[in-house]
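Asker: Below are the structure tokens for one structure; questions will follow.
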Amino acid sequence: MLALPLVTGCSDSDSGDAEVHNPTPKEQWSKTMAGGDGTIFAYPDLYVNYWEYTWRTKENGNENIALCFKGEFPSARFFSFSLYDDEKGEAIGGFADNEIVPDKGSVNPFVTTSSGSNYFTVYVVPANTSDEKIAQLASSNVCKLKEGVNQATIILREYLGIDEYGGVELPEIHAI
């Protein structure tokens, strides 16, 4: 069984009490990188917003950590998750919007028309994760890191959203 730890930051206040900061999804991801910006040459599409989350997979025991991305399907023309080996700039996995299997009780609005709120879960797991462990995950949306990836990046793309975030929060990120 997989355990889901809560990762938080804290600092000491003058009263001696610890102040706990639980980051919001927008604080977990990079700032919005607009494709039409013109100064971001790696993101050239005019009507798209990008966000990234990068982590060192071989540092501080991270080689045994999986990431869980829980979110709501955005109101957008297209969105996707892409997984990269950040050191090599190589794409190593991901899902287009219509490939994402929705959470139980939700539908994928990129496959079936829906006006309601619909949710999804995507996992990124270490290369050594067994098929038995993957089968225990609450979703079939699983990207497996390649052996030897030291730093991985997830890029979230959203084309022609109804607003900067497609009318929803960015997906929450949990380490498991």
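Asker: Which stretch or stretches of segment 87-103 have amide N atoms under 19 Å from the point lying 7 Å from Ile65's Cα along the Cα→Cβ direction?
Answerer: 87
Asker: I would also like to ask the following. Where in segment 122-163 does the amide nitrogen come within less than 18 Å of the point 7 Å from the Cα of Leu46, taken along Cα to Cβ?
Answerer: Hits in segment 122-163 for Leu46 at 18 Å: 158-162.
Asker: Using 0.36 nm per residue, how much length does the chain from Ala91 to Lys31 gain when fully extended, once their Cα-Cα distance is taken away?
Answerer: Working it through step by step, the gained length comes to 19.5 nm.
Asker: Hey, if you drop one equal point scatterer on each alpha-carbon of segment 127-176 and run the Debye formula without solvent, what base-10 log of I(q)/I(0) do you get at q = 0.16, 0.30 Å⁻¹?
Answerer: Log10 of I(q)/I(0), two decimals: -0.70, -1.26.
Asker: A further question follows. Restricting things to alpha carbons, tell me how big segment 26-176 is in terms of Rg and Dmax, in Å.
Answerer: 15.3, 45
Asker: Could you order Asp103, Asp131, Asp97 so the one with the most accessible surface comes first? Probe is 1.4 Å.
Answerer: Asp131, Asp103, Asp97
Asker: Sticking with the crude label model, points 7 Å out along Cα→Cβ, report the distance from Gln136 to Val101 in nm, one decimal please.
Answerer: 1.8 nm
Asker: Using +1 at the C-beta of Lys and Arg and -1 at the C-beta of Asp and Glu, which of Asn128, Phe81, Ile92 has the Cα lying farthest in the positive direction of the dipole of segment 68-176?
Answerer: Asn128
Asker: If R0 is 25 Å, what FRET efficiency do you get for Thr54 and Ser114 from their C-beta distance, rounded to 0.05?
Answerer: After rounding, the FRET efficiency stands at 0.20.
Asker: Additional query: Evaluate the relative contact order of segment 82-140 (contact order divided by residue number), counting alpha-carbon pairs under 8 angstrom at least 6 apart; express in whole percent.
Answerer: Over segment 82-140, the number comes to 23 percent.
The values are calculated or read from the model by the stated rules, or taken from the named source; none is laboratory data. This one's a predicted model, so the numbers in the text were calculated from it and none came from an experiment. Heads up, the Cβs are rebuilt from the backbone with ideal geometry, glycines too, and the neighbour counts pull from every protein chain shown. These accessible areas exclude ligands, DNA and RNA; they are computed on the full protein's heavy atoms, side chains included. Shrake-Rupley method; radii C 1.70, N 1.55, O 1.52, S 1.80 Å.
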